[in-house]
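The values are calculated or read from the model by the stated rules, or taken from the named source; none is laboratory data. Note that this is a predicted model, so its numbers are computed, not measured. Cβ placement follows ideal geometry from the backbone for every residue including glycine, while neighbour counts extend to all protein chains displayed. With ligands, DNA and RNA removed, areas are computed over all heavy atoms of the protein, side chains included. Shrake-Rupley method; radii C 1.70, N 1.55, O 1.52, S 1.80 Å.
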Amino acid sequence: MGSVPNPNHCVSRIDNLIEKFAEAFPEVSHPIRVCRAPGRINLLGEHLDYNGLPVLPTTIQHDICIAFTPRDDHVIRLKNADPRFSETAFTNTEDIPPSETGAWENYCKAAIQALNRRFPSSAYRGMNLYVDGNIPTAAGLSSSSAFVVACALAYLAVSELELDKDISRIELATLLAEGEHYVGTRGGGMDQAIILLGAQNCACKIDFFPLRTERVPLFEDHVFVAAHSLVKADKTGSALQRYNAGPATCRLLTALIEHAARQAFDDEIELERLGDLWQGPLFLTHEEAEALVRSVLSEKPFSMDELSRFLNLSPQAIREKWLGALEMPPEGLPLHRRARHVLTEFHRVERGRDFLLAKDAAAFGELMSASHRSCASDYEVSCPELDELTEIARQAGALGSRMTGAGFGGYTVSLVPQAALLQFLQRVYEEYYRPRGMPPDEAHNVLWAAAPSSGAGYTPSPFS
Ligand code: GLA
C-alpha cells in the first residue's frame with residue numbers, strides 16, 4: 001500500500017495527460033507543457049501558521065498535474081479529468097470577480113489574481129488548462145492549495161516568467177498564501193510553502209513572517225501512515241465557518257494579550273499575531289509568554305460583556321474588528337484553552353524537529369499523540385471519528401497518531417515502525433474500515449504509507 005512514485009509510471013501518466021489535453025483542446029497549436037504540485041500531510045503544528053508560528057509538514061506522493069498552453073486571447077479555459085469538476089472559463093483581467101462560493105475555478109482565479117497584482121501588465125494572457133489530480137479532496141491533504149500552486153506555475157510559464165528567477169519559491173509561496181484568501185478561507189501559509197519547498201523523504205520545518213524553511217530528513221526505519229476518517233471536511237463548504245473561527249479567535253486573543261503586554265512592558269507594543277510574542281521587540285521565552293497569557297486569561301470562558309469591559313469596546317465593535325461571523329457560545333469563548341493549544345503546539349513543533357534529527361521516533365510519536373489531544377480538547381477541531389481512528393492506530397502499534405490539517409474530518413497520520421507496517425494496516429482495516437463496509441481491495445485508497453515527493457515544478461523532471 002502506498003509507495004514512492006515511480007518516475008516511469010509518472011512518464012506514462014504525463015503522456016496520457018498530454019493526450020487527453022490534445023483531445024480536449026483539438027484546435028491548439030502551441031507546444032503543450034505540464035506542471036505538477038503535490039499534496040501534503042502535516043506531522044506537527046496544527047493551526048499555528050496563521051499565528052506566525054512554525055509547522056512541520058511533508059509532501060505526499062499524490063499530486064495535481066496540469067497540461068497547459070498559452071492562448072492568443074485573454075480567456076482562461078479549464079477542463080478536468082474528474083467529471084465532478086465541470087468545464088469552465090473566465091476572462092483574465094486585473095480584477096477577476098469570484099464565482100459562487102465553492103466553485104473550483106475560484107482556486108485558479110486566486111492564483112492568477114495574485115500573480116496579476118505582482119506582475120501588473122496592460123494585457124493579461126489567456127491559457128488552456130487540463131487538470132488531472134489524485135489528491136483526495138475535502139480530506140485535509142491540501143488538494144486545493146496544490147491546485148492553486150499548479151495554476152500559478154502554468155500561468156507563470158504562459159506569461160514567460162521563470163520560477164526561481166523572476167520569482168523565488170519563497171516569494172511565490174508567500175504571495176499565494178495571501179492570494180488564496182480570495183476563496184473565503186483565512187488559512188495561513190503552511191500548505192503553499194510545503195507544496196513549493198518540500199523535498200523527497202524530508203519534512204520541512206516552516207517559519208512564517210518572513211517565510212523560512214528547514215528540511216529535516218525523515219526516519220529511515222519508520223513510516224508515516226495516512227488514514228482517512230471517511231468524514232468529509234470541505235474547507236470551502238460546511239467546514240468554512242468552523243475553520244475561520246480559528247483565525248478569528250486568535251486575532252481576538254492577540255488583542256487581549258497585546259493589552260496585557262502594554263501594561264506589563266511598554267504601552268507602544270503592537271502585536272499583529274500571537275507569534276509576535278517570541279519575536280522582536282518582545283523576544284519572550286516560552287515561560288514568559290505563558291506567564292503573560294495566564295495574566296489575562298482565566299480558565300473561565302469569556303463572555304461578550306467581559307470582553308467588552310476588558311477591551312473597552314462595544315460588543316458591536318468587537319464583532320466587526322475580530323469576530324465577524326464567529327458565533328459566541330452561550331457559555332462564552334474558551335480563550336484559555338485555545339491559547340494553551342497554540343503555546344503547547346508551538347513547543348511540540350520545536351521538540352519534534354529535534355527528535356526527528358535525533359532519530360528518536362518514540363519521542364516524536366508521543367508528541368503526535370499529545371498534539372491530537374490538544375487539537376481535540378483545547379482547540380476543538382477534531383471529531384469522534386478522528387478520535388476513534390487515532391486510538392485504533394495507537395492500539396495497532398503506532399508510536400503516535402493524530403488528525404492532520406484543518407480537522408473536522410479528513411485524514412489522520414500515524415508513525416509506524418517499518419517492520420510492523422503490514423500488521424498495522426491489517427489491524428486498522430479490520431477495526432475501522434471493515435465495520436464501515438469497505439471492501440479490502442479498496443482500503444489502499446484511504447490507508448497508505450506516505451512517500452514524500454519533491455516540491456512543485458514542471459515536468460519532465462518532476463522528481464529531480
Ligand atoms: C488548513 C489551512 C492551513 C492551516 C491548517 C491547520 O490546512 O490551509 O493554512 O491553518 O488548516 O493547521
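Restricting attention to the stretch 218-231, does a residue exist that is surrounded by 17 or more Cβ atoms within 10 Å (Cβ to Cβ), touching a residue at least 24 places away in the same chain (Cβ under 8 Å), at negative phi and within 14 Å of the ligand (Cβ to nearest atom)?
Checked the stretch 218-231: no residue is surrounded by 17 or more Cβ atoms within 10 Å (Cβ to Cβ), touching a residue at least 24 places away in the same chain (Cβ under 8 Å), at negative phi and within 14 Å of the ligand (Cβ to nearest atom).
Inspect all residues belonging to the stretch 62-71 and state whether any of them is within 16 Å of the ligand (Cβ to nearest atom), open to solvent by 10 Å² or more (accessible area, probe 1.4 Å) and in contact with a Phe, Trp or Tyr (Cβ under 7 Å, 6 or more places away or on another chain).
As a first pass, look at the stretch 62-71 and keep what is within 16 Å of the ligand (Cβ to nearest atom): 62, 64.
From what is left, the residues that are open to solvent by 10 Å² or more (accessible area, probe 1.4 Å) are 62, 64.
If we keep only those that are in contact with a Phe, Trp or Tyr (Cβ under 7 Å, 6 or more places away or on another chain) too, we end up with 64.
The answer is yes, given that some residue of the stretch 62-71 is within 16 Å of the ligand (Cβ to nearest atom), open to solvent by 10 Å² or more (accessible area, probe 1.4 Å) and in contact with a Phe, Trp or Tyr (Cβ under 7 Å, 6 or more places away or on another chain).
Do you know which of the residues in the stretch 26-46 that are open to solvent by 10 Å² or more (accessible area, probe 1.4 Å) and part of a loop (DSSP other than H, G, I, E, B) is nearest to the ligand (Cβ to nearest atom)?
Here the residue is 32.
In the stretch 376-400, what count of residues is obtained for those that are in a loop (DSSP other than H, G, I, E, B) and of a type outside the set (Ser, Thr, Tyr)?
So the count comes out to 7.
Tell me which residues, restricted to the stretch 280-295, are assigned to a helix (DSSP H, G or I), without any contact (Cβ under 8 Å) to a residue 24 or more places away in the chain and small (Gly, Ala, Ser).
Hit for the stretch 280-295 is 291, nothing else.
Could you go through the stretch 268-279 and let me know if any residue there is more than 19 Å from residue 51 (Cβ to Cβ) and not in a helix (DSSP H, G or I).
yes
Test residue 443 against the stated conditions and say whether it is open to solvent by less than 20 Å² (accessible area, probe 1.4 Å), away from the ligand (no atom under 16 Å from the Cβ) and not in a helix (DSSP H, G or I).
No.
Scan the stretch 69-87 and report the pairs whose first residue is touching a residue at least 24 places away in the same chain (Cβ under 8 Å) and whose second residue is of a type in the set (D, E, K, R), with Cβ atoms within less than 6 Å and a gap of 6+ or a chain change.
Listed by first residue and then by second, the contacts come to 70/125; 78/105; 79/87; 81/132.
Which number in (1) of a type in the set (Gly, Ala, Ser); (2) over 30 Å from residue 409 (Cβ atoms); (3) open to solvent by less than 40 Å² (accessible area, probe 1.4 Å) marks the one condition that residue 123 misses?
So residue 123 meets the others, but not (3).
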